[in-house]
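What follows is a set of notes on a single structure, which appears directly below.
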Amino acid sequence: MKISRRSFLKAATAIGASLAWVGPARGSRVHWHERRDLYPQGVASGDPDPHSVILWTRRPFDQGTRQLLTVEVAEDEAFRRVIAHAQAPVSSATDWTTRVLIGGLKPARTYWYRFTDTDGNGSRVGRTITAPLPNDPRTVNFAFVSCQDVNEGTLNAYRRMIYEDERAPAAQQLDFVLHLGDFIYEVVEYPEEVKTRYDRTINEVARIKDGLTAGKFHIPVNVDGYRAVYKGYLADPDLQDARARWPFVCIWDNHEFSWQGWQSIQKAGKSRPGQSIKVAANQAWWEYLPSRCKKVSGPSLESFDPPKVSNVAIEKWDENGLGDEPNNLTAIKSLIGYRSYRYGKHLDLIITDQHSYRSADSFSDPAAGAFGPEFTGMFPEDVAQVLDGGRAFNGGNPPAEVSFNGSHVPNSQRNAPPQTILGAEQKAWFKDQLRKSTATWKIWGNSEGALDSRADPQNLPPGLLKETWPKNTYATFPSGDYGSAYKERAEIYDLVRDSKITGFAIVSGDRHSFWAGYATSELPPGKFDPVGLSFVGASLSSAGTMEANEHNLPKTDPLRPLFLADRPDGEKPDWTHNMLLRHGVRSCLEYAKSFDLQRARALSNPDLAPHLEFVDLGGHGYAKVQLSGNEMRTEFVCIPRPIARSESPDGGPLRYRVLHTAALWKSGERPQLKTSVLEGDVGLAI
Ligand SMILES: [Fe+2]
């Protein structure tokens, strides 16, 4: 016990949480009366392991700079068997938030917790669940979610998740929620300045003092600005209820810091050195999302203690594209997001950070970007692969120029490092985690999709456009994620194959759309050889590609049928963009003419997307994963466009529920997904 207490204190110090230890059960000694108004952001718990979990709340005070709350943890919802009773400090230094690491809990158990101030004013009651022991063979259930823009939408998906979970058999209830980023959007719109966007009415979220503006966006540049955004988001009742029901495991995507930012560079259109902004973003994330991420700024259990950095331009880059500038390195390492969790016998969850260490954008050269202007959004795949590979392309002999249909431009990446999203240090850690994993399933939780998004415009009928797409290459829709990080992705997948790792699957977010398929480095005419499964979960609320298509795609675009099929009766157009990615241009053109799904699918190009089983660029909602010793089940729960808060307890209607199952495969075998529609209409997603 002594040793584990000591190691526990070490753990609490690394993450910056107060420490509380479990004792014998007894009745509550606190005169708690619920005052939710005094805890306006609710309660939360995070990163459970078999013996501990972090509990969180915020209780702002008008007076003083530091106050003490009491936290209680009980084995029952009525707090008759309280097993931990400890102090939880809140202070103005952390915007009145608190984190308490509760140790000595039993594995795979549900607990209830609440906070009370010295006057007996209490938070709502939260519920949390510890992880099973590493040898525990029970089934693991979790949901993965991302992209919860409450400025432009509502969180009906959480309402449905809660409603279904409350009614599910115990063995199917969720153990935790994996949040894959865009917990906030730092680009805040004000309702009086922007009335609507696409189908959305802009909701009030926050006011950013002393921020920047980029177009209609107000952007924080200091910790108070980010704090204001978190407070605005956490005012959402559905998000509060979800955080009070399940522990969350979170990693940031881009918007927790900066829309187009990378490393410590802040970017919204224009790039700026943003070392102090990155530190502020990390501090606010640490304050509002309880996690085991290591803060490296100091030993305090109570505060973040932001390191001092200056905003200076990065002029030197190392061989992996990492900005070799002391303030940059300090800023991006002020909070370490990547980490892994063992959860019972069947899950190793390996979480990576996609923005803090990534190299400069490989695809930003406007000269190459001008290739094929008639081909809406499409880019030659072979050129993308050259740019991604940088100076390492073709075994270190990259071409001097890239070309498309006879136009040649210099290869802008000829001397650049190959694109990396992970960065060298994180990648080494990630590979090590993969190699060491002994759980049945190795789930890579990351914020960015890894499935190729491509089309076959080489099969367009002659005469539709002035230009003809070259016969020997596919088109890609550049995504900036692992879907076009060809070299790095192959490095990971090669490791999985060479180390004979089975049960490898990716869950990701960011794309605002549902995707299910296979992890493969190459597609035809290369070798399609999947080493695992790959999923992308839709946005909880943020607008997606289909909504943008419906509003932005000109009626006169000759390629419009590849994205939207306009019905002769003037009804809402069908989403052929899904069909384009899965079956190709011939299917889309047939469908937009006849609306005959069978005839359209009969023209499917089998070489285009053997890696895809399902894609819906118009979906919203969440995904649920169930892992057992022999199977991975991934369910997409899709709701209609969440433009208004549902008044019904189930969060409103379902669009569809789709289940993707895969039996555990042996090393050398090819994973196989079976997709079945359980409810509703999936449109052209299959
Ligand atoms: Fe997003």
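Below are the figures for this structure:
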| item | result |
| --- | --- |
| Within the stretch 247-298, strands (runs of 3 or more DSSP E) holding 3 or more residues that are within 20 Å of the chain's Cα centre (by Cα), modelled with pLDDT of 95 or more and under 27 Å from Gly42 (Cβ atoms) | 248-250 |
| Inter-residue pairs, beta-carbon under 8 Å, first under 15 Å from Ile336 (Cβ atoms) and in the stretch 298-309, second part of a loop (DSSP other than H, G, I, E, B) and charged (D, E, K, R), 6+ apart | Gly298/Asp305 |
| Every pair of residues 6+ apart whose Cβ atoms lie under 7 Å, when the first sits in the stretch 494-523 and is closer than 21 Å to Asp388 by Cβ and of a type in the set (Lys, Arg) while the second is within 16 Å of the ligand (Cβ to nearest atom) and assigned to a loop (DSSP other than H, G, I, E, B) | Arg511/Gly449 |
| Qualifying residue in the stretch 505-513 (condition: part of a strand (DSSP E or B) and under 16 Å from Arg582 (Cα atoms)) | no |
| Subset of the stretch 538-578 that is within 16 Å of the ligand (Cβ to nearest atom) and among the aliphatic types (A, V, I, L, M) - its residue that is nearest to His611 (Cα to Cα) | Ala538 |
| Residue within the stretch 579-592 that is surrounded by 24 or more Cβ atoms within 10 Å (Cβ to Cβ), in a loop (DSSP other than H, G, I, E, B), touching a residue at least 40 places away in the same chain (Cβ under 8 Å) and away from the ligand (no atom under 16 Å from the Cβ) present | yes |
| Residue that is nearest to the ligand (Cβ to nearest atom) [pool: residues in the stretch 199-238 that are farther than 20 Å from Gly261 by Cα and surrounded by fewer than 16 Cβ atoms within 10 Å (Cβ to Cβ)] | Asp199 |
| Per-region count, the stretch 494-514, residues within 30 Å of Thr545 (Cα to Cα) and either among the hydrophobic types (A, V, I, L, M, F, W, C) or away from the ligand (no atom under 16 Å from the Cβ) (or both) | 5 |
| Residue in the stretch 107-123 that is away from the ligand (no atom under 16 Å from the Cβ), out of contact with any strand residue (DSSP E or B) (no Cβ under 9 Å at 6 or more places or on another chain) and in contact (Cβ under 8 Å) with a residue 12 or more places away in the chain present | yes |
| Complete set of residues in the stretch 141-157 that are closer than 14 Å to Gln240 by Cα, within 16 Å of the ligand (Cβ to nearest atom) and either touching a Lys or Arg at 6+ places or on another chain (Cβ under 9 Å) or of a type outside the set (Val, Ile, Thr) (or both) | Gln148, Thr154, Leu155, Ala157 |
| Every pair of residues 6+ apart whose Cβ atoms lie under 8 Å, when the first sits in the stretch 382-395 and is buried (at least 22 other Cβ atoms within 10 Å of the Cβ) while the second is at pLDDT below 95 and of a type in the set (Asp, Glu) | Leu387/Asp365 |
| First in the stretch 130-148 and assigned to a loop (DSSP other than H, G, I, E, B), second anywhere and away from the ligand (no atom under 16 Å from the Cβ) and among the hydroxyl-bearing types (Ser, Thr, Tyr), Cβ under 8 Å, 6 or more apart | Thr130/Ser52; Thr130/Tyr111; Ala131/Tyr341; Ala131/Tyr343; Pro132/Tyr343; Thr139/Ser628 |
| Residue that is nearest to Glu287 (Cα to Cα) [pool: residues in the stretch 169-198 that are within 16 Å of the ligand (Cβ to nearest atom) and either hydroxyl-bearing (Ser, Thr, Tyr) or without any contact (Cβ under 8 Å) to a residue 12 or more places away in the chain (or both)] | Tyr185 |
| Any hit, the stretch 193-202, residues being among the charged types (D, E, K, R) and not in a loop (DSSP other than H, G, I, E, B) | yes |
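The values are calculated or read from the model by the stated rules, or taken from the named source; none is laboratory data. Small disclaimer: the values here were computed from a predicted structure and weren't measured. With ideal geometry, Cβ positions are generated from the backbone for all residues, glycine too; neighbour counts draw on all protein chains shown.
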